[in-house]
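Peer 1: I'd like to ask some things about the structure below.
The numbers here are math on the coordinates, done by the rules we state, and not lab data. The structure displayed is predicted, hence computed values, not measured ones. Every residue, glycine as well, gets a Cβ built from its backbone with ideal geometry; the counts of neighbours run over all protein chains shown.
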Amino acid sequence: MLKKLKRRVKTIVSKAFKKRRRPSKPSQQDSFSPSSTPPPSPPPQPTMSSSSATPFLFPHIQSTILPDPSRFFSPNLLSSPLPTNSFFQNFVLKNGDQPEYIHPYIVKSSQSSLTLCHPSRFVTTAFIYQIFIADLTISSPQNEAAHDHKVSSFSDLSVTLDIPPNLRFFLVRGSPFITCAVSSPTPIYISTIHAILSVSSNSNQTKHTIKMNNNQTWILYSSSPLSFTSGMSSITTSEFSGVLRFAILPDSNGYYESILDRFSCCYPVKGEAVFNNPFSLEYKWEKKGWGDLLLLAHPLHLRLLSKDHGNVSILEDFKYKSMDGDLVGVVGDSWVLKMHPISVTWHSIGGIEEESFDEVVSALCKDVEGLTPIATSSSYFYGKLIARAARFALIAEEVSYPDVIPTVKKFLKESIEPWLDGSFNGNGFLYDPKWGGIVTKQGSLDSGADFGFGVYNDHHYHLGYFLYGIAVLAKIDPAWGRKYRSQAYSMMADFMNLGRRGNSHYPRLRNFDLWKLHSWAGGLTEFADGRNQESTSEAVNGYYSAALMGLSYGDTHLVAIGSTLAALEIQAAQTWWHVREGEGIYEDEFSKENRVVGVLWSTKRDSGLWFAPPAWKECRLGIQLLPLLPITENLFSDTGFARELVNWALPALGREGVGEGWKGFVYALQGVYDKEGALEKIRNLNGHDDGNSLSNMLWWIHSRSAGKEEGHDGGRYCWFRHYSDH
């Protein structure tokens with residue numbers, strides 16, 4: 001397993017907000033009703049094209065350590081960049097037989113079959129995980145040749161998995177149904193590890209109820225009559241072609257079954273997320289069959305779902321359990337999510353009182369004087385040191401002490417340029433055409449080098465730090481910014497590209513999950529627990545830095561996309577990483593002992609870190625806080641929670657061997673509600689994290705305004721605030 005000692009990232013996108021094409025009319029052969037077709041779609045909306053200039057690419061490399069994507073992706077997909085941190089990544093790695101979480105089911109494809117699990121949870125004070133059990137396995141006798149499955153298409157909200165020669169599964173996230181299209185007449189074989197107690201069908205043999213001895217009841221809907229022969233733990237159907245829909249009945253209450261019945265004839269085949277305005281995200285699903293579309297929303301969806309946009313209705317009593325909280329039924333094939341705007345600013349929102357300038361300036365002069373050539377060749381640690389130095393220039397601006405800026409500018413130019421022009425000794429950026437993305441020289445030879453950057457791990461962390469330095473340098477030296485603009489945008493596009501194929505060189509939003517609304521960091525590594533991410537604050541840093549780069553280059557679209565993704569990452573962190581006792585997302589046994597999740601996985605919550613055990617609470621706090629930036633005010637805008645988190649972590653500082661850098665992050669968060677107490681502790685520190693400094697710590701504490709209203713997140717200073725009110 002990849003050790004993730006630390007990670008930091010930034011994000012960017014230069015594509016304009018685009019109107020998406022409406023889905024095309026479904027074909028009759030895939031619809032439940034041959035005699036009933038939906039009304040035709042309106043003509044597609046025009047899209048705004050990107051610059052026609054040839055984009056910059058780092059030198060090509062044929063990496064020897066990357067897996068071959070051709071085994072599991074359909075040939076028509078191989079000519080375009082491919083996802084490397086997606087919700088279905090396990091399906092295309094190694095043997096493709098590790099499960100993925102397609103809410104509300106865990107789905108596994110192996111041996112020419114698809115297995116569904118409606119998971120139960122195991123909870124301790126240290127972790128929560130979902131248990132995979134082969135509740136229902138679907139195959140066809142024609143699949144016995146053990147063909148590999150193929151990903152025939154994928155989108156933001158769905159993946160289509162083909163099991164040759166005749167089964168196609170539409171795996172749409174948040175669907176209470178798993179939908180299977182059978183392309184040619186064949187019997188369907190359904191098996192389970194449980195005992196089947198009974199199988200019953202309605203009068204026209206299109207609804208079939210399967211009851212098992214583990215208290216589960218599954219319902220199978222078929223687009224035409226279907227008969228069965230059943231055994232103790234298996235069912236074989238008559239020959240069938242058409243559409244099958246499988247759903248577990250989450251409760252014996254008749255209400256649940258009536259809802260499933262009502263919406264069983266309309267099924268989604270794909271779903272896309274559209275950025276039309278800043279701080280707004282629209283989901284659009286392509287559907288077939290007839291009637292209205294039923295899907296499930298997680299808690300953050302429900303918080304953001306606009307009742308004033310789109311024709312949606314919420315079924316508050318229709319719920320499925322999930323690792324991420326209750327999933328609630330929503331009817332409608334278009335949702336609009338509206339988030340509270342955040343401020344993307346170079347400096348602190350509240351500012352620093354002039355009487356505090358001298359202390360900050362004194363530390364700043366010493367820190368800048370101490371700048372020396374960066375010795376490490378690690379892309380992660382190198383990026384952190386660039387961003388650390390870039391902070392000095394912005395702090396100098398805020399305390400009206402420009403004298404140090406020329407020295408900082410010289411350091412940044414000498415440190416960043418070798419990575420952009422290929423002259424850096426021992427490492428550097430290269431372009432991998434196999435999956436479509438940036439790798440490092442070291443990472444292209446060793447999957448463990450640069451914390452797995454060469455297998456697409458942590459890109460938003462590493463590149464985010466570089467982008468922060470580039471954004472600041474382009475701000476204070478616009479001529480330099482113009483010279484290296486193409487390299488900067490290529491680095492940004494690696495993890496913030498909005499394109500969907502065509503001539504794009506990078507996949508769409510490499511790290512950001514547009515259904516979960518946060519990033520994943522795991523890259524092309526197979527994990528039984530699915531995707532994972534440790535540091536949300538470094539992910540926020542990536543998108544924030546991209547927005548700052550947009551400010552430097554006058555690119556309002558990049559500012560908007562970076563701000564929007566940062567806002568979503570922040571709200572996701574506050575929803576799933578920040579643990580509040582009694583909130584209901586997690587069981588009391590876990591929430592009583594934890595204030596932050598260590599590593600969040602698709603199907604697990606772990607209190608440990610990649611580099612530290614659960615008892616090192618100061619590290620858990622710190623990895624969700626660093627780097628300290630103006631955007632940190634938004635991430636920890638809840639003063640009450642900050643106090644709870646600090647009080648939870650403080651006792652751990654008495655442990656022998658606690659690093660000064662980790663202590664500093666605890667004290668920094670204390671400064672949110674206890675400025676003077678935190679300031680005294682920070683003055684007595686003997687060192688700081690390699691991406692932090694005394695100047696930055698003092699800037700943070702002195703910019704904590706006692707007069708600032710509690711919970712203020714700076715949204716009133718946002719450029720795009722007016723969009724959130726429409």
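Peer 1: For segment 474-526, what log10 I(q)/I(0) values come out of the Debye formula at q = 0.16, 0.25, 0.26 1/Å, with one point per alpha carbon and no solvent?
Peer 2: Relative scattering, expressed as log10 I(q)/I(0), comes to -0.62, -0.96, -0.99.
Peer 1: So what J values fall out for segment 596-609 if you push phi through Karplus, 6.51 cos²θ - 1.76 cosθ + 1.60 with θ = phi - 60°, rounded to Hz, Gly and Pro as x?
Peer 2: Using θ = phi - 60°, the values come out as 9, 6, x, 10, 9, 10, 4, 10, 8, 10, 10, 7, x, 10 Hz.
Peer 1: Between GLU644 and GLU369, take the C-beta separation as r, use R0 = 51 Å, and let me know the FRET efficiency to the nearest 0.05.
Peer 2: Values: r = 39 Å, r/R0 = 0.76.
So the FRET efficiency works out to roughly 0.85.
Peer 1: Sticking with this structure for a sec: Per residue of the chain, what 222 nm ellipticity follows from adding -39500 (n - 2.57) for every DSSP H run with n ≥ 4, rounded to the nearest 500? Each step should come with its number before you reach the end.
Peer 2: Working: 17 runs with 191 residues, N = 726.
Computed ellipticity for the chain at 222 nm equals -8000 deg cm²/dmol.
Peer 1: Subtracting the Cα-Cα distance from 0.36 nm times the residue separation, let me have the gained length for ASP251 to LEU197 in nm, one decimal. Show your work: numbers first, answer last.
Peer 2: Details: separation 54, 0.36 × 54 = 19.44 nm, distance 1.74 nm.
That works out to 17.7 nm of additional length.
Peer 1: Going down the table (LYS108/LYS384; LYS94/LYS338; LYS287/LYS604; LYS207/LYS319; LYS207/LYS321), which pairs top 29 Å between alpha carbons?
Peer 2: Details: LYS108/LYS384 38 Å; LYS94/LYS338 39 Å; LYS287/LYS604 31 Å; LYS207/LYS319 21 Å; LYS207/LYS321 24 Å.
Violating the 29 Å Cα-Cα cut-off are LYS108/LYS384; LYS94/LYS338; LYS287/LYS604.
Peer 1: Over 38 Å apart: what share of the alpha carbon pairs of segment 354-725 falls there, rounded to a whole percent? Write out the running numbers ahead of the final one.
Peer 2: Details: 9262 of 69006 pairs.
When all Cα pairs of segment 354-725 are counted, 13 percent exceed 38 Å.
Peer 1: At 7 Å along the Cα-to-beta-carbon direction for both THR54 and ASN311, put a label point, then send me their distance in nm to one decimal.
Peer 2: Distance between label points: 5.0 nm.
Peer 1: By the gyration tensor of its Cα atoms, with a ≥ b ≥ c the square roots of the eigenvalues, what is the shape of segment 286-411: rounded for a/c under 1.5, prolate for a/b over b/c, or oblate? Before the final figure, lay out the partial values.
Peer 2: On the way: a/c = 3.93, a/b = 2.69, b/c = 1.46.
Because a/c hits 1.5 or more and a/b exceeds b/c, segment 286-411 counts as prolate.
Peer 1: With labels modelled as points extended 7 Å from the Cα through the Cβ direction, what inter-label distance (nm, one decimal) is found for SER152 paired with ASN425?
Peer 2: 5.6
Peer 1: In angstroms, what radius of gyration and Dmax does the chain have, counting Cα atoms only?
Peer 2: Considering the chain through its Cα atoms, Rg and Dmax are 26.2, 85 Å.
Peer 1: What list do you get for ARG683, ARG580 if you sort them by fewest beta carbons within 10 Å? Before the final figure, lay out each step's value.
Peer 2: Details: ARG683 14, ARG580 17.
Exposure proxy ranking, most exposed first: ARG683, ARG580.
Peer 1: Let me ask you something else. Just grab the label-to-label distance for SER74 and VAL123, each label 7 Å out from Cα along the Cβ direction, in nm (one decimal).
Peer 2: 4.2
Peer 1: By how many nm would the segment from ASN204 to ASN276 lengthen if fully extended, with 0.36 nm per residue of separation less the alpha-carbon distance? Display every interim value, and only then the final one.
Peer 2: Numbers: separation 72, 0.36 × 72 = 25.92 nm, distance 4.49 nm.
Net length gain for the segment: 21.4 nm.
Peer 1: In addition: Could you pull out every residue, at least 5 positions away or on a different chain, whose amide H is within less than 5 Å of the one on LEU293? Hs are placed 1.01 Å off N in the peptide plane, and Pro or chain starts have none.
Peer 2: GLY332, ASP333
Peer 1: How would segment 265-324 be classified by its alpha-carbon gyration tensor: rounded, prolate or oblate, with rounded meaning a/c under 1.5 and the a/b versus b/c comparison settling the rest?
Peer 2: Numbers: a/c = 1.61, a/b = 1.08, b/c = 1.49.
Since a/c reaches 1.5 but b/c is at least a/b, the shape of segment 265-324 is classed as oblate.
Peer 1: Would you mind checking the pairs LYS441/LYS483; LYS617/LYS675; LYS516/LYS592; LYS441/LYS617; LYS366/LYS663 and listing those with alpha carbons more than 32 angstrom apart? Please list the in-between numbers first.
Peer 2: Details: LYS441/LYS483 24 Å; LYS617/LYS675 22 Å; LYS516/LYS592 25 Å; LYS441/LYS617 35 Å; LYS366/LYS663 21 Å.
In this structure, LYS441/LYS617 exceed 32 Å between Cα atoms.
Peer 1: Could you work out how much longer the chain between ALA479 and SER184 gets when fully extended? Use 0.36 nm per residue separation minus the Cα distance between them, nm to one decimal. Intermediate values should be presented prior to the final figure.
Peer 2: Values: separation 295, 0.36 × 295 = 106.20 nm, distance 6.30 nm.
So the chain would gain 99.9 nm between ALA479 and SER184.
Peer 1: Let me ask something else about it. Please work out the Cα center distance from segment 296-327 to segment 185-209, rounded to the nearest Å.
Peer 2: Answer, in whole Å: 30.
Peer 1: What FRET efficiency, computed as 1/(1 + (r/R0)^6) with R0 = 56 Å and r the Cβ-Cβ distance, is obtained for GLN111 and LYS410, rounded to the nearest 0.05?
Peer 2: On the way: r = 61 Å, r/R0 = 1.09.
Rounded to the nearest 0.05, the efficiency is 0.40.
Peer 1: Would you work out the relative contact order for the chain, in percent, from Cα pairs under 8 angstrom that are 6 or more residues apart? Intermediate values should be presented prior to the final figure.
Peer 2: Details: 1656 pairs, mean separation 133.7, N = 726.
Reported relative contact order: 18 percent.
Peer 1: Also, quick follow-up: In the chain, with Lys and Arg counted as +1 and Asp and Glu as -1 at Cβ, which of these residues, TYR667, ILE128, SER241, has the Cα nearest the positive end of the dipole, that is, farthest along it?
Peer 2: Selected residue: SER241.
Peer 1: Explain nothing, just the number: dipole magnitude of the chain about its Cα centre with +1 on each Lys and Arg Cβ and -1 on each Asp and Glu Cβ, in debye rounded to the nearest 20.
Peer 2: Details: 69 positive and 71 negative charges, 367 e Å.
The dipole magnitude comes to about 1760 debye.
Peer 1: I would also like to ask the following. What whole number of Å gives the distance from the Cα centroid of segment 416-488 to the Cα centroid of segment 250-288?
Peer 2: When both Cα centres are located, 39 Å separates them.
Peer 1: Counting only C-alpha contacts under 8 Å and six or more residues apart, can you give the relative contact order of segment 354-725 as a whole percent? Provide the component values of the computation, followed by the final result.
Peer 2: On the way: 566 pairs, mean separation 52.6, N = 372.
Value for segment 354-725: 14 percent.
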